[in-house]
Amino acid sequence: MEAAQRFLLKLEEALQDPDPRLRDYFVKKLQAILDELHRRLNHEAGGELVGNLIRLYAWWGCEIAGAAAQGDAPRLRRVCSQMDGIRQAWEKVLFRGEGMSEAPSIYL
């Protein structure tokens, strides 16, 4: 999620560049991250949470592509803010969970 947030900032900077290839590059990077987040979900046991995250990741992908196409930096900032909220929630669950003495090596 942190990598996605960094790429969103880079994409926002790229909106100022008249060459669309840079924007396209960052949109593709972000979509690859969203695809990986989707792939890592536990689809077998995740239930409603997984369904909600799948819809959220898809919506973020649409928002990112639309914002890049329209040069809409505030839209990218909203997605980044939402990602930050999700990232912080995951960190709270994973790093401060009952009985956890250290952070796991891999987390969403």
Could you grab the pairs with beta carbons closer than 9 Å, sequence gap of 6+ or different chains, first residue in the range 49-65 and on the phi > 0 side of the Ramachandran plot, second one among the small types (Gly, Ala, Ser)? none
Test result for residue 66, of a type in the set (Gly, Ala, Ser), at pLDDT 95 or above and surrounded by 15 or more Cβ atoms within 10 Å (Cβ to Cβ): no
Among the listed residues 61, 71, which satisfies the condition of being touching a Leu at 6+ places or on another chain (Cβ under 9 Å), closer than 18 Å to residue 26 by Cβ and loosely packed, with under 14 Cβ neighbours inside 10 Å? 71
Considering the range 11-49 alone, what residues qualify as being out of contact with any helix residue (DSSP H, G or I) (no Cβ under 7 Å at 6 or more places or on another chain), within 17 Å of residue 87 (Cβ to Cβ) and modelled with pLDDT under 95? 40, 49
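The values are calculated or read from the model by the stated rules, or taken from the named source; none is laboratory data. Everything numeric in this text was worked out from a predicted model, so none of it was measured. As a convention, Cβ positions derive from the backbone with ideal geometry for all residues, glycine included, and neighbour counts pool all protein chains shown.
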